[in-house]
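A.B. asks: Just dropping this structure here.
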Amino acid sequence: MTWPQGPGDPYGQHPGGYDPYGQQQPPSNAIQPYSGPAGYQPGYQPYAAYPPRPKTNPMAIVSLVCSLGGIFIVPLLGSIAGIIFGHIAKSQLKTSGEGGDGMATAGLVIGYIFAGLYGLGCCGYVIFVMGVFGLAGAASSSSSSGYTFILPSLLSAFGIG
């Protein structure tokens, strides 16, 4: 059974293209505004693809890994290798257009900092050992001054005099 549709029925079809909201219907052959390429729904624009990221320079990665490995694994050699690979990566990045400039810079900075710290540590250790041997030698000698052995031992250690 179907119910009769009257002109005031909001759910029925309105004869003659009558629109109760006062909007005109476009002709059937009109081009829809904002229509995208074929296969897309009207009103929606397809997303543009992101450009491909540049390839990361392998020397920059090696520089950062060696410098970080120089902190804990192979202290001085890792830092020196990180510095060398960092400079190689920087020179390659100027001409190749690859990515990884930040990695190369980080490898250089970490490498220089820890190589300097290890160098200072080694010099401090040598001075400490010379001081201990100097005090031990001064305590065993019969001279009145306890520090007469330190200066000659340091000078001979560095090849001076």
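The values are calculated or read from the model by the stated rules, or taken from the named source; none is laboratory data. All values reported here derive from a predicted model rather than from experimental measurement. Glycine also receives a Cβ, built like all others from the backbone with ideal geometry; neighbour counts cover every protein chain displayed.
A.B. asks: Run P42 past the list (1) modelled with pLDDT of 90 or more; (2) in contact with a Ser or Thr (Cβ under 9 Å, 6 or more places away or on another chain) and report the number of the one that doesn't hold.
C.D. replies: (1)
A.B. asks: For the range 92-116, what are the residues that are out of contact with any helix residue (DSSP H, G or I) (no Cβ under 9 Å at 6 or more places or on another chain) and surrounded by 12 or more Cβ atoms within 10 Å (Cβ to Cβ)?
C.D. replies: S96, the sole residue that qualifies.
A.B. asks: Show the residue pairs that are 6+ apart or on different chains and have beta-carbon atoms under 8 Å apart, the first residue being within the range 122-133 and surrounded by 10 or more Cβ atoms within 10 Å (Cβ to Cβ), the second being among the polar types (S, T, N, Q).
C.D. replies: Correct list of pairs: M130/S153; F133/S153.
A.B. asks: G36 versus (1) assigned to a helix (DSSP H, G or I); (2) modelled with pLDDT under 95; (3) not aliphatic (A, V, I, L, M): which is the lone unmet condition?
C.D. replies: It is condition (1) that G36 fails.
A.B. asks: Also, quick follow-up: Taking the condition of being closer than 19 Å to I61 by Cβ and among the hydroxyl-bearing types (S, T, Y), how many residues in the range 110-127 meet it?
C.D. replies: Qualifying residue count, the range 110-127: 1.
A.B. asks: I need the full set of residues from the range 55-67 which are part of a loop (DSSP other than H, G, I, E, B) and either within 16 Å of T105 (Cβ to Cβ) or in contact with a Phe, Trp or Tyr (Cβ under 6 Å, 6 or more places away or on another chain) (or both), in order please.
C.D. replies: Start the filter on the range 55-67 by keeping residues that are part of a loop (DSSP other than H, G, I, E, B), which leaves 55, 57.
Within the range 55-67, just N57 meets the criteria.
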